[in-house]
1. Shape call for region 1-147 from the C-alpha gyration tensor, a ≥ b ≥ c root eigenvalues: rounded (a/c under 1.5), prolate (a/b greater than b/c) or oblate?
2. Got a sec to turn the phi values of region 286-295 into Karplus ³J(HN,Hα) couplings, 6.51 cos²θ - 1.76 cosθ + 1.60 with θ = phi - 60°, whole Hz, x for Gly and Pro?
3. Could you tell me which residue out of Pro137, Pro125, Asn104 lies farthest along the dipole of region 92-139 toward its positive end? Charges go on the beta carbon: Lys and Arg +1, Asp and Glu -1, centred on the Cα centre.
4. Using the Cα centre of region 199-354 as origin and beta-carbon charges of +1 (Lys, Arg) and -1 (Asp, Glu), tell me which of Val247, Gly334, Ala275 is placed farthest towards the positive end of the dipole.
5. Going by a 4.7 Å Cβ-Cβ cut-off, which cysteines of the chain have no partner at all?
6. Hey, in the GNM for the chain with a 10 angstrom Cα cutoff, which one of Asp131, Asp294, Asp86 fluctuates hardest?
7. Which order do the peptides 30-39, 12-21, 87-96 take when ranked by the mean count of other beta-carbon atoms within 10 Å per residue, highest first?
8. So how strong a dipole does region 63-103 carry about its Cα centre when Lys and Arg Cβ are +1 and Asp and Glu Cβ are -1, to the nearest 20 debye?
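What follows draws every value from the coordinates through simple rules; no lab data is involved. Keep in mind it's a predicted model, so treat the numbers as computed, not measured. Using ideal geometry, Cβ is built from the backbone for each residue, glycine included, and neighbour counts are taken over all protein chains shown.
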Amino acid sequence: MTGVVFDGIGSYVPPRVVKNEDFMDAEFYQENGERFSDDNAVIIRKFEKITGIKERRYAEPGQSCSDLAAMAAEAALKNSSLSGEDLDYIIVAHNFGNINWDDNRIDMMPSLAARVKHKLGIKNPNATCYDIIFGCPGWLQGAIQATQMIRCGDAKAVMVIGAETLSNIVDKYDRDAMIFSDGAGATIFRASDSENGYLSQCSRTDADQELSYLEMGPSFNPNLEKSKGRFIKMKGRKIYEYALTEVAAAIKCAIDKANLDLSDIKKVLIHQANAKMDEAILLKLFKIYGVAKDPFELMPMTIEKLGNSSVATVPTMLDLIQKGELQGHKIQKGDKVIFASVGAGMHINAMVFEM
């Protein structure tokens, strides 16, 4: 069966930095519409301790999600042996499309993938474009689809992009708004005769009681009309409890499918949702395998500076590592790496890849 390898990785990290102290004057409400009894200094201090986030990146006013996606795609092509005309598919993972700044409306027609193709100036009509909505694991699910299309002979080169402008869809009156950020990461997968590359994957969806753990809802500010936009709402404790068990299990599932052991894995690139949660997932994984390790030796983190940009976190992290911008973390040819994510749906996936 045809092998699948990376042939180009790129990202776009917006230059606009928003620090925790920039939320000192925010009006935060609880779900019941009441203001918090703690002042903002206390709220922000607790937030940082739990999430690990000290700052995040926001797109500039007027920048759309497809703009960020196209810039990440350009960076990936610059690092590739291929041109845009060589691509068989362009897949863009996102959750909200382009969001109108003035009215909170979501714009997904035409698809963001088609808009990226247009922005890149790709003329090849056989470069087929589509979007994927899969919560935070969207880029990874796109990567899974890309590898399967290549392995079955349907494609030779597929670009997969994860892009978000979450700063446009958060409720500024909800303290959870501080979690989310903007960014884009792009990867190009190519057919190869090499034995390295894609090894295995494991995916699942829990849509029973877990369905509403992440969903859209009205602002927590009771003084706003309920019809004035819908925003990201999440049940943080429920997500934490769910992810702690199920993400570790999905990672083990992927390792088992690859006929490997945890000791064979060089790095685990996990979706940057919450530093405390990600650490707990790795510790749970170590417990399953009966080992004791420092999770941060195996698990790079970007959330402290970049926040949670949903589908963009994993490909962005991969690009930063490849460029030598994450101190203490390197990925070399032949290293076996796990990509893993959890998000709205509730969806989980994990992939083992030999670089």
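1. Note, shape of region 1-147 comes out prolate.
2. Each residue of region 286-295 in turn: 4, 5, 4, 8, x, 10, 10, 9, 7, x Hz.
3. Pro125
4. It is Ala275.
5. Cys with no partner Cβ under 4.7 Å: Cys65, Cys129, Cys136, Cys152.
6. Highest fluctuation among the options: Asp294.
7. Highest-to-lowest ranking by the protection proxy: 87-96, 12-21, 30-39.
8. Roughly 160 debye for region 63-103.
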